[in-house]
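Notes follow once the structure below has been shown.
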Amino acid sequence: VGGVDSGVFKSQTLSSLHIKSDVSGVKYIIGTEAFKDIQIGSLQNSGAEDICTFQGGKDTIIGPRAFSGAQIGGNVKIDVTNGQIHSAAFQNAEISGVLQITGTIDTLKKDVFSGMRAKALHLSPNVANIETRAFADSYIMEYKLESSLKTIGSRVFEGCEHLKKIILP
């Protein structure tokens, strides 16, 4: 696949989703609201299974609100080589397992994970910049931010009532 167009899986119900990009392509784009309000698997799942996987290409872009409001019963793994994650990409998403995003991601845009519920969030150690409210109102208990971090925007952890631990470089 060379990308996922805007809104293509919006509000769909699937048992699982596994997408592998065409690595010969220069860009791999998950479009705006491509998976908005999608249901994948069952939220009653223990979260041990990789129910949703994406293997990105040389330059992967996760568009605005791409997974906004998604309900995913299991782990989500997004493998990117280089990439961007746009504003509100995972806003209000509910993931019963772990959301893992690997690769070189320089900036987490505004509200990218705001309101998200997940067992855990594992991000690339290359994140250098975190914009305003990136994690606001999310239901994650621990954040570990790596040594490449340079800037943190305002109100990044605003309303994170379940937050117990932040590890900064």
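We did not get these values from a lab; they are worked out from the coordinates using the rules stated. Since the structure is predicted, the reported quantities are computational estimates derived from the model, not experimental observations. Note: ideal-geometry Cβ built from the backbone for every residue, glycine included; neighbour counts use all protein chains shown.
Between the C-alpha center of region 50-87 and that of region 95-169 there is a gap of 15 Å.
Set against the labelled values (i) 1.18; (ii) 1.01; (iii) 0.95, Cα Rg over 2.2 N^0.38 Å computed from this structure falls on (iii). Note: relative contact order over region 59-125, using C-alpha pairs below 8 Å and six or more positions apart, is 34 percent.
Max-minus-min Cα coordinates of region 33-80 on each principal axis give 33, 20, 8 Å, with the largest extent listed first. Note on LYS58: lysines with a C-alpha under 16 Å away, same-chain residues under 8 apart excluded, are LYS20, LYS27.
The mean sequence distance of close C-alpha pairs (under 8 Å, at least 6 residues apart), as a share of the length of the chain, puts its relative contact order at 15 percent.
Taking a straight Cα-Cα cut-off under 16 Å and skipping sequence neighbours fewer than 8 places away in the same chain, the aspartates and glutamates within cross-link reach of LYS10 are GLU33, ASP37, GLU94.
Would you tally the net charge around GLY57, using a Cβ to Cβ cut-off of less than 15 Å, leaving GLY57 out, and scoring K and R as +1, D and E as -1? Overall, the nearby charge balance is 0. The magnitude of the dipole of the chain, with charges of +1 and -1 set on the Cβ of Lys/Arg and Asp/Glu and taken from the Cα centre, is near 200 debye. Here's the list of lysines a cross-link from LYS109 could span, going by alpha-carbon distance under 18 Å and ignoring same-chain residues fewer than 8 apart: LYS36, LYS144, LYS150.
Amide H contacts for VAL80 (H built 1.01 Å from N in the peptide plane; partners 5 or more residues away or on another chain; cut-off under 5 Å): GLY56, THR102, GLY103. Computed from label points 7 Å out along Cα-Cβ, the spacing between GLU161 and GLU146 is 3.3 nm.
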